[in-house]
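**Q** Below: one structure in structure tokens.
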Amino acid sequence: MPPLKLGAHMSIAGGYDRAVRAAHAFGFETVQLFTKNNNQWNAPPITDAQAGAFRAAIDETGVVDPVSHASYLINLASPDDVLWNKSIDAMVVEIERCARLGIADLVVHPGAHVGTGEADGLRRVALGIDRVLERTADLAVTIDLETTAGQGTCLGHRFEHLQAILELAADGARLGVCVDTCHIFAAGYSLHLKELYDETLDQLDRTVGLGRIRVWHVNDSRRELASRVDRHAGIGAGLLGLEPFRFLLNDPRFRGLPMILETPKGVEDGEELDARNRRLLHGLLAP
């Protein structure tokens with residue numbers, strides 16, 4: 001089995017290198033971060049010193065395959081041309097910032113169609129991605145479309161949504177998929193029994209193809225199966241329980257991929273929650 005690449009989303013407060021060193025301090029092998037404030041459109045350029053410190057932290061800690069998450073403001077499915085073009089511009093900047101730091105994977109939510117319908121929204125996403133990739137053709141960054149819980153008019157809660165975007169986009173070679181365990185559970189995909197886990201993965205393979213998966217988000221869910229509500233919980237502290245994570249971590253098809261915790265932070269009973277979640281996950285590994 002390839003080595004486990006477990007990580008967590010870490011704050012960039014104080015510098016991008018701080019996120020890397022925080023992940024390493026917990027014993028994580030990888031990390032996810034924002035390259036800018038995720039709730040603002042604009043951001044100051046990344047300086048040579050910031051980029052150098054980040055790359056040095058990667059080299060010194062041995063943290064591998066860092067992942068970035070795009071701003072939540074971006075909506076490539078928007079029917080509003082102003083917001084759609086602004087989202088395209090923002091995605092170009094996100095990719096440029098990833099390239100500056102040496103990050104190869106940028107996770108993004110497909111977007112919300114805001115009432116125009118799924119078919120129109122999916123076409124809009126694919127066209128937006130085409131514009132983004134045309135403008136960043138010389139940058140070695142892959143856009144990873146994330147599965148979603150399906151709140152409101154958000155796209156991505158059916159594997160077929162991601163399949164459609166991948167098929168409609170002109171340059172599929174620069175597109176991947178990020179699968180979030182909480183999101184797919186909330187979207188109605190069962191994981192708690194081995195046969196149900198296998199069936200869900202079969203559906204994923206028949207649509208997007210397992211070879212497209214580049215990142216996993218490893219989160220429990222505070223809400224029930226098919227709730228269409230996105231509420232993350234710590235490992236084993238939600239309605240998925242531990243078994244789905246046992247199946248995933250011991251699945252040889254995905255060992256070697258970044259597996260990122262986006263679970264609540266803090267301290268409970270004297271233990272950092274990131275440390276607890278890491279400990280629980282490592283306890284599920286087959287000997």
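The values are calculated or read from the model by the stated rules, or taken from the named source; none is laboratory data. As the structure is a prediction and not an experimental result, all values here were calculated from the model. Positions of Cβ are generated from backbone atoms using ideal geometry, with glycine treated the same way; all protein chains shown enter the neighbour counts.
**Q** Just a yes or no: is a residue in the range 176-183 surrounded by fewer than 20 Cβ atoms within 10 Å (Cβ to Cβ), of a type in the set (G, A, S) and in contact with a Leu (Cβ under 9 Å, 6 or more places away or on another chain)?
**A** Checking the range 176-183: not a single residue is surrounded by fewer than 20 Cβ atoms within 10 Å (Cβ to Cβ), of a type in the set (G, A, S) and in contact with a Leu (Cβ under 9 Å, 6 or more places away or on another chain).
**Q** OK, next. Could you run through the range 183-223 and say how many residues are in a loop (DSSP other than H, G, I, E, B) and either at pLDDT 95 or above or among the acidic types (D, E) (or both)?
**A** 11
**Q** Oh, and also: State whether the residues of the range 217-238 include one that is surrounded by fewer than 18 Cβ atoms within 10 Å (Cβ to Cβ), more than 18 Å from the chain's Cα centre (by Cα), of a type outside the set (G, A, S) and farther than 20 Å from L155 by Cα.
**A** no
**Q** If you don't mind, another one. For V114, are the conditions met, namely being of a type outside the set (F, W, Y), in contact with a helix residue (DSSP H, G or I) (Cβ under 6 Å, 6 or more places away or on another chain) and surrounded by fewer than 19 Cβ atoms within 10 Å (Cβ to Cβ)?
**A** Here the answer is no, as V114 does not meet what is asked.
**Q** What's the number of the condition A77 fails, among (1) small (G, A, S); (2) more than 22 Å from M259 (Cβ to Cβ); (3) touching a Pro at 6+ places or on another chain (Cβ under 9 Å); (4) without any contact (Cβ under 8 Å) to a residue 60 or more places away in the chain?
**A** (4)
**Q** For D65, state whether it is outside any helix (DSSP H, G or I), touching a residue at least 60 places away in the same chain (Cβ under 8 Å) and over 24 Å from R158 (Cα atoms).
**A** Here the answer is yes, as D65 does meet what is asked.
**Q** Please go through the range 23-51 and give me each residue that is closer than 24 Å to D274 by Cβ, part of a helix (DSSP H, G or I) and touching a Phe, Trp or Tyr at 6+ places or on another chain (Cβ under 9 Å), ordered by number.
**A** Q50, the sole residue that qualifies.
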